[in-house]
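For reference, the structure is listed below as structure tokens.
Derivation of every value follows stated rules applied to the coordinates shown; laboratory data play no part. The model shown is predicted, which means the values in this text are computed figures rather than measured ones. Cβ coordinates were reconstructed from backbone atoms using ideal geometry, including for glycine residues, and neighbour counts include every protein chain displayed.
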Amino acid sequence: QVQLVESGGGLVQPGGSLRLSCAASGLTVRINTVDWYRQAPGKQRELVASITSSGSTGYADSVKGRFTISRDNAKNTVYLQMNNLKPEDTAIYHCHARRWPQDVWGQGTQVTVSS
């Protein structure tokens, strides 16, 4: 079985930075695209960033130029570098792996941006 564990969340001031990690264990050979989603209280879940098995990336308009998704296949880890954080970035961030035969979700990590 594949498991995803997120880490790196916390409390940061506006304009600060955080790096989230998503570490996968198990049968990771079947993982293709990996996504970062976020959900704030009272708001709909939002796709933030994605990275394919070939390294192609995509971002939500709200985070372009501020967030960078990357992966280290040797470490079975995907990262989300978050710069110039804003209060509206406050949310629980979840890692999502598109995997045959069943997708996998992590437990989530809280990011709070506040003065």
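The Cα atoms of segment 1-109 cover 38, 26, 21 Å along the three principal axes, with the biggest extent listed first.
If you plug the beta carbon distance of residue 114 and residue 32 into 1/(1 + (r/R0)^6) with R0 = 35 Å, you get a FRET efficiency near 0.45. Within the same chain, lysines fewer than 8 places from residue 86 are excluded, and of the rest, those with a Cα less than 27 Å from its Cα are 43, 64.
Based on every Cα atom in segment 71-115, Rg and the maximum pairwise Cα distance Dmax equal 13.3, 43 Å. Out of every Cα-Cα pair that segment 43-98 contains, those further apart than 17 angstrom amount to 37 percent.
The distance between label points at residue 83 and residue 3 comes to 3.4 nm (points 7 Å beyond Cα on the Cα→Cβ vector).
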